[in-house]
1. Would you check if there is a residue in the stretch 101-121 being surrounded by 21 or more Cβ atoms within 10 Å (Cβ to Cβ), within 17 Å of the chain's Cα centre (by Cα), on the phi < 0 side of the Ramachandran plot and at pLDDT 95 or above?
2. Name the residues in the stretch 230-263 that are surrounded by fewer than 19 Cβ atoms within 10 Å (Cβ to Cβ) and farther than 24 Å from residue 158 by Cβ, would you?
3. So residue 202 fits all but one of (1) over 19 Å from the mean Cα position of the chain (by Cα); (2) part of a helix (DSSP H, G or I); (3) without any contact (Cβ under 8 Å) to a residue 60 or more places away in the chain; what number is the exception?
4. Give the number of residues within the stretch 209-229 that are out of contact with any helix residue (DSSP H, G or I) (no Cβ under 7 Å at 6 or more places or on another chain) and surrounded by 14 or more Cβ atoms within 10 Å (Cβ to Cβ).
5. In the stretch 116-157, what residues are farther than 30 Å from residue 79 by Cα, assigned to a helix (DSSP H, G or I) and in contact (Cβ under 8 Å) with a residue 12 or more places away in the chain?
6. Can you say whether residue 274 is out of contact with any helix residue (DSSP H, G or I) (no Cβ under 8 Å at 6 or more places or on another chain), modelled with pLDDT of 95 or more and either closer than 16 Å to residue 143 by Cα or part of a helix (DSSP H, G or I) (or both), as far as the supplied structure shows?
7. May I ask you to say which residue of 232, 258 is in the same structural domain as residue 167 (by TED's automatic domain parsing) and modelled with pLDDT of 95 or more?
8. Report whether or not residue 214 is outside any helix (DSSP H, G or I) and touching a residue at least 24 places away in the same chain (Cβ under 8 Å).
């Protein structure tokens, strides 16, 4: 998800869009739209909200593009607008509890309707396949939503979307020192949460959701063979919590939660989490 610097053609598209060329503006949307929607999804944990907020972002970009002076990269400026839009959305929202997925599991087990909906999505949707790798990314999103918003922003911008600290500080609207402090605290909290919760790599972890769901959707699969393909699982005995978090974040960097083999199924599961914490 880390964008490369704009080449000459892309700079020309930006210049044309700033001059009012609608087709050039549409090219900018096409080039950056998926990344912005994935960023908004990770912040909201809701596909519908992410799509709605993305529309607001592009309206603001369109209205202000002529005033973009290029003091930062276009991508940094775009993420600054997206962050502002998401902040407005978050003012009415509460942070998720660490046990959000436990509450969702209890809700799902309280009646047969939820399991039936999961099976329906898995059977009928082209993006309904269950993959443990994708659920690790799902879990990362849930844990990030337990953080204070500024910490959530810092870890996403630096460790998933690849902004250097000075860019991240500009997007969040804080000093470089504060941004680094936010990132440090976010990572430390996430390391501790995963150490105590994740049974996938820690036998004392309380959450077995990845394996349980895999058994539900892929009963004939050799689970150990599948797990052996994931760097995080292979490094399970590593006592370095920071390294294990880095592996989770690296997995997330290579994945778009809105466009994957199991994105519809993971969104159906996320809908239950949202309902459980509402």
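The values are calculated or read from the model by the stated rules, or taken from the named source; none is laboratory data. Keep in mind it's a predicted model, so treat the numbers as computed, not measured. Because the Cβ atoms are built from the backbone with ideal geometry, glycine has one as well, and the counts that use them run over all protein chains shown.
1. Yes, the stretch 101-121 contains at least one residue that is surrounded by 21 or more Cβ atoms within 10 Å (Cβ to Cβ), within 17 Å of the chain's Cα centre (by Cα), on the phi < 0 side of the Ramachandran plot and at pLDDT 95 or above.
2. Within the stretch 230-263, 233, 234, 236, 237, 261 meet the criteria.
3. Against the list (1) over 19 Å from the mean Cα position of the chain (by Cα); (2) part of a helix (DSSP H, G or I); (3) without any contact (Cβ under 8 Å) to a residue 60 or more places away in the chain, residue 202 comes up short only on (2).
4. Residues that pass the stated criteria total 1.
5. Hits for the stretch 116-157 are 117, 118, 121, 122.
6. Working: out of contact with any helix residue (DSSP H, G or I) (no Cβ under 8 Å at 6 or more places or on another chain): yes; modelled with pLDDT of 95 or more: yes; either closer than 16 Å to residue 143 by Cα or part of a helix (DSSP H, G or I) (or both): yes.
Yes, satisfied.
7. Numbers: 232 fails: modelled with pLDDT of 95 or more.
Only one candidate qualifies: 258.
8. Numbers: outside any helix (DSSP H, G or I): no; touching a residue at least 24 places away in the same chain (Cβ under 8 Å): yes.
Considered against the rule, which asks whether it is outside any helix (DSSP H, G or I) and touching a residue at least 24 places away in the same chain (Cβ under 8 Å), residue 214 comes out as no.
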